Amino acid sequence: MTNRLVELLSERDWLLLDGATGTNLFAMGLEAGDAPELWNIDQPEKIHALHNGFIGAGSDVILTNSFGGTRYRLKLHDAQNRVHELNVAAAQIARTCADAAGRPVIVAGSVGPTGEILEPVGTLSHDDAVAAFREQIAGLMEGGVDVIWAETISSEEEFRAVAEAAEAEDASLCGTLSFDTAGRTMMGVTSSGFAAFAGGLTRPLHALGANCGTGAPDLLRTVAGITEADPNATVIAKANAGIPKYVDGRIEYDGTPDLMARYACLARGLGARLIGGCCGTKPEHLVAMRAALESFVPGARPDLETIRTEIGEFSSADDGAGASAETEEKPRGRRGRRRG
């Protein structure tokens, strides 16, 4: 595994990440409840199209179609014995697209949560979680990823299992949690708490941050908390494109390209260097985000009132980490267990 991400970050102030996997694959015909990872073998041309759409929109980093690639998630589709095959294929497809881009594009191996709850709250042991993540990571590395990218994790225990697995496989690691419960993760981790335990890992992360959640305002507040807790961290911001709504039997997100462009600039103003979109984010959003970032002029660090004015209300009055917003708590859409 190379340090292409580190090299590119040494040359650039910011990098544009990709957008949503699920949203864009649903538009290509993926049915709710189906495993996107199976398309790495069954319909690889559509996964090529997914990555090429992001690259064409300006993404500098693309995530493999392997979010649910552990044995525990694949077991839901009777594919638990295909972990290596599906993850190798995911990495190879993304690698082919990146290498044909004509410019540097980083391939990040997406590793999502197992869907199980780890001990002591749940029944999945630390050792079993590490083994499952190692199995997935080994396949992604064989397929040619540049870095492992853990995302949408909600507990410290599961993140530590991913980190241990990556270290055991000698893999570089970036990671994001999903802060979707009044500014905390589902398992109660705050932005400052994440920065604290991430800073104590045996092998440092290349980058850390937040993805998914309940909308761009909340995610920006989380980014502010992380950068305040660790000003030297390389921070990731990957917000949903608005709030999910049911339209004609499908979930659609109401965030416009203009909103995502404003979010991207605010994220950069808060110190994030890896900026992209999660659920609902399409290539047209990324085009607007890239244009906005290329014309971004640094200024005063955005405060919470600026975020509210530019992007919208927060879902809660406080994020649990000391950063508060003077707004009443409002119900917001909750993410599913699968990214994007």
Item to complete: Would you please list the contacts, defined by Cβ atoms under 7 Å and residues six or more apart or on different chains, that run from a residue in the range 213-228 that is of a type in the set (V, I, T) to a residue that is in a helix (DSSP H, G or I) and buried (at least 24 other Cβ atoms within 10 Å of the Cβ)?
Response: T222/S191; V223/A267; I226/S191; I226/F194
Fill in: Breaking point among (1) in contact with an Asp or Glu (Cβ under 7 Å, 6 or more places away or on another chain); (2) more than 17 Å from H285 (Cα to Cα); (3) touching a residue at least 60 places away in the same chain (Cβ under 8 Å), for L63
(2)
Worksheet item: Pairs under 8 Å by beta carbon, first residue closer than 13 Å to G340 by Cα and touching a residue at least 60 places away in the same chain (Cβ under 8 Å) in the range 272-296, partner assigned to a loop (DSSP other than H, G, I, E, B) and hydroxyl-bearing (S, T, Y), six or more apart or different chains?
Response: G276/S59
Worksheet item: Looking at this structure, is D258 more than 20 Å from G112 (Cβ to Cβ), in contact with a Ser or Thr (Cβ under 9 Å, 6 or more places away or on another chain) and without any contact (Cβ under 8 Å) to a residue 40 or more places away in the chain?
Response: no
Worksheet item: Where residues in the range 213-246 are more than 19 Å from E310 (Cα to Cα) and among the hydrophobic types (A, V, I, L, M, F, W, C), which of them is surrounded by the fewest Cβ atoms within 10 Å (Cβ to Cβ)?
Response: A229
Item to complete: Kindly indicate whether any position in the range 148-170 is touching an Asp or Glu at 6+ places or on another chain (Cβ under 6 Å), under 20 Å from G277 (Cα atoms) and touching a residue at least 12 places away in the same chain (Cβ under 8 Å).
Response: no
Practice prompt. Considering each residue of the range 82-92, count those that are under 23 Å from A57 (Cα atoms) and surrounded by fewer than 23 Cβ atoms within 10 Å (Cβ to Cβ), and give that number.
Written response: 1
Discussion item. Tell me yes or no: at least one residue of the range 83-98 is of a type in the set (S, T, Y), modelled with pLDDT of 95 or more and part of a loop (DSSP other than H, G, I, E, B).
Written reply: no
Worksheet entry | Residue selected from the range 316-331 under the condition touching a strand residue (DSSP E or B) at 6+ places or on another chain (Cβ under 9 Å) and surrounded by 19 or more Cβ atoms within 10 Å (Cβ to Cβ), by the criterion modelled with the highest pLDDT | S316
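Go through the range 1-72 and tell me which helices (runs of 4 or more DSSP H), entirely inside it, have 3 or more residues that are within 21 Å of G143 (Cα to Cα), in contact with a helix residue (DSSP H, G or I) (Cβ under 7 Å, 6 or more places away or on another chain) and not hydrophobic (A, V, I, L, M, F, W, C).
Values: elements: 4-11, 21-27, 39-42, 44-57.
Per the criteria, 44-57.
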Practice prompt. Spot the failing condition for A171; the list is (1) under 23 Å from C212 (Cα atoms); (2) over 17 Å from the mean Cα position of the chain (by Cα), and only one is missed.
Written response: (1)
Worksheet item: Somewhere in the range 306-318, is a residue charged (D, E, K, R), free of Cβ contacts under 8 Å to residues at least 60 places away in the same chain and within 12 Å of L16 (Cα to Cα)?
Response: no
Fill in: Selection status of T214, out of contact with any strand residue (DSSP E or B) (no Cβ under 8 Å at 6 or more places or on another chain) and of a type in the set (V, I, T)
yes
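The values are calculated or read from the model by the stated rules, or taken from the named source; none is laboratory data. If you're wondering where the values come from, they're calculated on a predicted model, not measured in any experiment. Here the Cβ is made from the backbone with ideal geometry for all residues, glycine too, and neighbour counts use every protein chain on show.
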